[in-house]
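J.: Just dropping this structure here.
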Amino acid sequence: MTASDMSRPAWDDDPVVSGWAGLPTLDGDCTADVCVVGLGGSGLAAVADLVDRGLDVVGIDVGRVAAGAAGRNGGFLLGGPATFLHTALATWGPCAVDLYRATLAEIDSLEGILGSDVIRRTGSIRLAGIPDTPTDPADAQDCADLEKCLRENGIAVERYSGELGHGIYLPDDAMMNPARRAIGMAAALAGRARLHENTPAVGIGAGSVTTPTGVIRCDLVLVAVDGRLEQVLPQLDGRVRTARLQMLATTPVSARRLPCPVYGRWGYDYAQQDASGRLYVGGGRDLFVEDEWTSSSEPTAGVQTYLDSLARLFAGEQVSVSARWAASVGFTGDGRPVCCYVDDGVIAFGGYNGTGNLVGPVTARAAVALGLDATDVPGYLSS
Ligand SMILES: Cc1cc2nc3c(=O)[nH]c(=O)nc-3n(C[C@H](O)[C@H](O)[C@H](O)COP(=O)(O)OP(=O)(O)OC[C@H]3O[C@@H](n4cnc5c(N)ncnc54)[C@H](O)[C@@H]3O)c2cc1C
């Protein structure tokens with residue numbers, strides 16, 4: 001295996017992803033009702049919402065569809081905000097439950113578009129701790145507090161106790177190959193919107209987006225970028241801060257240990273196992289927190305060594321690593337994603353605090369409603 005194979009996300013091995021023919025580069029000037037900058041899960045959700053309204057849409061990405069975190073993440077589809085529901089409820093109020101319900105509806109929507117072989121309704125397990133290590137009593141208490149809060153709000157939850165440890169099982173959650181999700185969305189939308197890869201926005205302003213070869217003139221610009229949003233739009237510096245998250249994948253392991261996506265140690269560490277037995281493992285950011293406040297997306301020895309040991313614990317046996325990668329995400333001060341005007345006719349959204357697979361599309365819908373209907377954004381977003 002070459003070094004470049006090692007640093008490629010293992011999700012790209014999926015035949016639908018590796019066989020993606022790509023989208024044309026945008027050449028020259030054009031006009032549209034709306035221009036969407038960034039074709040990750042959130043930007044594609046915005047495109048879908050816009051074309052459903054009958055609008056003429058141009059979407060551009062600096063690289064391949066989901067070149068960023070949207071194609072390089074853990075593939076967890078977890079209901080709710082990045083902050084556990086009981087904590088979010090205490091700080092944001094009842095809108096935290098609204099967000100939880102909106103994210104669960106987003107799983108249904110994705111499953112409807114992509115099918116149950118891409119969006120797998122397995123549920124998820126939150127562990128107090130990580131497998132084969134002593135349980136942290138505070139983490140266990142937090143699991144119990146979350147369980148109580150979910151029950152009180154009518155959200156399905158069960159106790160989990162098994163070979164992985166102790167915690168809670170959330171039956172409504174799901175898992176996916178994130179690159180497969182994004183490519184599937186782009187393929188479904190390509191005949192309905194003008195989508196372009198390898199087309200960076202080098203200037204964004206009222207009524208126009210500049211690319212290296214021309215200008216896109218439009219009534220509304222939606223900037224759907226999570227990590228590095230404050231670099232694309234310096235107006236958001238101080239509101240969104242970029243961090244790196246890292247992962248690895250193993251070759252198939254013999255034990256079928258993970259029935260669904262599993263996360264533990266306060267949600268910092270996570271793993272899922274695919275049908276071939278490969279594990280996809282991430283986490284450890286909190287243990288290297290200062291190093292990980294960076295816009296670099298190169299894996300590092302410190303985090304990757306931690307992930308090696310984590311992979312062994314999740315697998316319950318020795319593992320062989322086949323790929324290592326990282327990507328950028330955006331964090332915000334109070335845990336609420338940003339969805340706001342940054343200029344006349346320019347709305348930016350991002351800053352999902354490491355959990356944007358579902359919150360991103362929910363925020364995209366809010367951005368479309370803000371731009372087209374002047375609907376105030378919900379309280380779980382920062383306007
Ligand atoms: C290792 C890792 C694990 C994660 N695990 C999970 C998980 O299991 N579950 C979960 O919910 N979330 C997870 N996340 C977070 C999640 O991946 C992100 O929050 C989400 O993918 C954000 O999607 P997005 O479409 O909003 O933004 P992005 O994925 O950042 O997409 C933005 C797109 O904009 C493009 N772009 C940027 N600048 C420009 C420009 N100037 N011009 C044109 N295009 C541009 C980029 O190429 C990119 O394709 C994880 C993230 C990482 C890195």
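FYI, it's all coordinate maths here, none of it is from the lab. Every value quoted in this text rests on a predicted model; they were computed, and no experiment measured them. Neighbour counts run over all protein chains shown; Cβ positions are idealised from the backbone, glycine included.
J.: Starting from one equal scatterer on each C-alpha and no solvent at all, send me the Debye-based log10 I(q)/I(0) for region 3-89 at q = 0.21 Å⁻¹, two decimals.
T.: The Cα Debye sum returns log10 ratios of -1.11.
J.: In addition: Is the shape of region 1-155 best called rounded, prolate or oblate, per the rule: a/c under 1.5 gives rounded, else a/b larger than b/c gives prolate, else oblate, with a ≥ b ≥ c the square roots of the Cα gyration tensor eigenvalues?
T.: Working: a/c = 2.51, a/b = 1.50, b/c = 1.68.
Taking the square roots of the gyration eigenvalues as a ≥ b ≥ c, region 1-155 is oblate.
J.: In addition: When a/c is below 1.5 the answer is rounded, else prolate if a/b is larger than b/c, else oblate, so apply that to the chain with a ≥ b ≥ c taken from the square roots of the Cα gyration tensor eigenvalues.
T.: Values: a/c = 1.78, a/b = 1.40, b/c = 1.27.
Here the chain falls in the prolate category.
J.: Provide the descending list of Cα extents for region 84-205 along its principal axes, expressed in whole angstroms.
T.: Principal extents (largest minus smallest coordinate, Cα): 52, 34, 29 Å.
J.: Let me ask another. Treating only the Cβ of Lys, Arg, Asp and Glu as charged (+1, +1, -1, -1), what charge dipole size does region 93-243 show about its Cα centre? Round to the nearest 20 debye. Write down the numbers at each step before the final one.
T.: Details: 15 positive and 21 negative charges, 149 e Å.
Here region 93-243 has a charge dipole of around 720 debye.
J.: Apply the Karplus parameterisation 6.51 cos²θ - 1.76 cosθ + 1.60, with θ equal to phi minus 60°, to every residue of region 41-51 and state each ³J(HN,Hα) to the nearest whole Hz, in sequence, with x for glycine and proline.
T.: Per residue, the Karplus-derived 3J(HN,Hα) values read x, 6, x, 5, 5, 5, 4, 4, 5, 5, 5 Hz.
J.: Relative contact order for region 231-366 using alpha-carbon pairs under 8 Å, separation at least 6, rounded to a whole percent? If you can, show how the numbers build up before the last one.
T.: Details: 249 pairs, mean separation 39.3, N = 136.
So the answer I get is 29 percent.
J.: Across region 81-98, in residue order, what do the Karplus-derived ³J(HN,Hα) couplings come to in whole Hz, using 6.51 cos²θ - 1.76 cosθ + 1.60 with θ = phi - 60° and x for Gly and Pro?
T.: Going residue by residue, I get x, 4, 6, 4, 4, 5, 6, 5, 4, 5, 9, 9, x, x, 4, 4, 5, 4 Hz, with x marking Gly and Pro.
J.: If you don't mind, there's one more thing I want to ask. When N is the residue count of region 210-345, what does its C-alpha Rg come to as a fraction of 2.2 N^0.38 Å? Don't skip to the answer; put the middle values down first.
T.: Numbers: Rg = 18.5 Å, N = 136, 2.2 N^0.38 = 14.2 Å.
My calculation over the Cα atoms of region 210-345 gives 1.30.
J.: Hey, with R₀ at 51 Å, roughly what FRET efficiency would Leu287 and Thr25 work out to, going by the Cβ-Cβ distance, to 0.05? Provide the component values of the computation, followed by the final result.
T.: Values: r = 40 Å, r/R0 = 0.79.
Once rounded, the FRET efficiency stands at 0.80.
J.: Here's another thing I want to ask about it. Report the extension gain between Asp56 and Glu152 in nm, rounded to one decimal, defined as 0.36 nm multiplied by the number of residues separating them, less their alpha carbon distance. Let's see the in-between values first.
T.: On the way: separation 96, 0.36 × 96 = 34.56 nm, distance 4.35 nm.
Length gained between Asp56 and Glu152: 30.2 nm.
J.: In nm, what is the difference between 0.36 nm times the number of residues separating Tyr268 and Thr305 and their Cα-Cα distance? Show your work: numbers first, answer last.
T.: Details: separation 37, 0.36 × 37 = 13.32 nm, distance 1.55 nm.
Gain in length upon complete extension: 11.8 nm.
J.: Now a separate question. Any chance you could give the angle, 0 to 90 degrees and rounded to 10, that helix 301-315 forms with the longest Cα principal axis of the chain?
T.: Here the helix axis deviates by roughly 60 degrees.
J.: Once you order the gyration tensor axes a ≥ b ≥ c over the Cα atoms, which shape class does region 69-131 get: rounded for a/c under 1.5, otherwise prolate or oblate by comparing a/b with b/c? Working shown, then result.
T.: Working: a/c = 2.14, a/b = 1.34, b/c = 1.59.
Taking the square roots of the gyration eigenvalues as a ≥ b ≥ c, region 69-131 is oblate.
J.: Here's another thing I want to ask about it. Rounding to the nearest 20 debye, state how big the charge dipole of the chain is about its Cα centre with +1 on each Lys and Arg Cβ and -1 on each Asp and Glu Cβ. Can you show the working numbers first?
T.: On the way: 29 positive and 46 negative charges, 100 e Å.
So the magnitude is around 480 debye.
J.: Taking only DSSP H segments of four or more residues, each worth -39500 (n - 2.57), what value at 222 nm results for the chain once the sum is divided by all its residues, to the nearest 500 deg cm²/dmol? All intermediate terms of the calculation are to be shown ahead of the outcome.
T.: Details: 11 runs with 114 residues, N = 383.
Result for the chain: -9000 deg cm²/dmol, rounded to the nearest 500.
J.: Could you size up the charge dipole of region 173-306 around its Cα centre, putting +1 on the beta carbon of Lys and Arg and -1 on that of Asp and Glu, and report it in debye to the nearest 20?
T.: That gives a dipole near 480 debye.
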